[in-house]
1. How big is D for region 117-188, in µm² s⁻¹ as a whole number, if Stokes-Einstein is applied with the Kirkwood radius of its Cα pairs at 25 °C and 0.890 mPa s?
2. Across region 116-122, in residue order, what do the Karplus-derived ³J(HN,Hα) couplings come to in whole Hz, using 6.51 cos²θ - 1.76 cosθ + 1.60 with θ = phi - 60° and x for Gly and Pro?
3. Debye sum, Cα scatterers, region 72-119, no solvent: what log₁₀ I/I(0) at q = 0.19, 0.26, 0.31 1/Å?
4. I need the phi-derived Karplus couplings for region 169-178: 6.51 cos²θ - 1.76 cosθ + 1.60, θ = phi - 60°, integer Hz, Gly and Pro marked x.
5. Largest first and in whole Å, give the semi-axes of region 72-207's equivalent ellipsoid, each being the square root of 5 times a Cα gyration tensor eigenvalue.
6. Would you mind calculating the gained length between ALA137 and THR171 on full extension (0.36 nm times residue separation, minus the Cα-Cα distance), in nm to one decimal?
7. Please report the relative contact order for region 155-194, taking Cα pairs under 8 Å with a sequence separation of at least 6, and give it as a percent rounded to a whole number.
8. Rounded to whole Hz and in sequence order, give me ³J(HN,Hα) for region 71-85 from the Karplus expression 6.51 cos²θ - 1.76 cosθ + 1.60, θ = phi - 60°, writing x for Gly and Pro.
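FYI, it's all coordinate maths here, none of it is from the lab. Quick caveat: nothing in here was measured; it's all calculated off a predicted structure.
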Amino acid sequence: MILVKRQPSDMRIGLLPLWAVVSLVLLVSVVRVDLAGAVTHLQRGTPAPSLDLTALNGQAINNDSLRGGTVILIFGELYHGKTVEACVKIQHAITDERLRGEPVRPLLIASQNINPTELKELARDNEHALPTILHDADREVFETYRVAVLPSVVVIDPEGRVAHVIASMTTDFADRVTDALLLATGKITAEQFEAQRHPQAEAGLTD
């Protein structure tokens with residue numbers, strides 16, 4: 001065996017060319033803008049974006065058919081653990097005593113690229129808690145609502161207006177859903193909602 005002694009390389013790591021730096025900055029900026037505008041671009045009190053899908057049970061669902069009751073849109077996938085966790089917490093929030101008698105309809109919108117039969121089987125296998133699953137196979141509604149993170153939740157009031165949005169599973173997710181439902185059903189005001197979401201810190205002790 002002949003061992004060849006390697007000479008140290010004369011190569012030096014130089015600076016990236018200007019065009020590469022500019023491209024990288026633009027790419028990061030685009031991703032940041034998309035994530036920053038994901039779902040949270042929706043403003044409270046504005047009409048909910050268009051929705052026209054078919055549920056797995058064959059029922060046609062659109063904005064008009066959802067009027068008259070509070071709606072919770074959950075954007076996620078049946079195989080996604082955080083989505084399943086969100087659904088469980090939402091079902092628990094709906095049972096809050098303060099919402100007794102209020103029609104609240106949770107809808108899971110999934111975009112998984114499988115046929116409806118397979119999606120039904122997946123829902124059955126996962127023993128999914130939600131009663132209605134909508135299949136957004138073409139991701140039209142996902143794009144309309146700018147969904148970039150899972151799960152994303154949009155609470156819509158009986159008049160078809162956005163009440164609150166939640167992008168991703170936050171530490172206070174359950175409380176935010178409950179407060180959003182109370183807001184959408186008129187149990188609390190917008191001012192009370194904001195006070196609960198952003199409580200003022202108590203004044204500190206004086207010297």
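1. 174
2. x, 4, 5, 5, 4, 5, 5
3. Values returned for q = 0.19, 0.26, 0.31 Å⁻¹ are -0.67, -0.97, -1.17.
4. Result, rounded to whole Hz: 7, 8, 5, 9, 3, 4, 5, 5, 5, 4.
5. Numbers: eigenvalues 188, 52, 42 Å².
Calculated on Cα positions only, the semi-axes equal 31, 16, 14 Å.
6. Contour length minus Cα-Cα distance gives 9.2 nm.
7. Working: 27 pairs, mean separation 15.3, N = 40.
It rounds to 38 percent for region 155-194.
8. Result, ordered by residue: 10, 10, 8, 10, 8, x, 10, 5, 8, 8, x, 5, 5, 4, 4 Hz.
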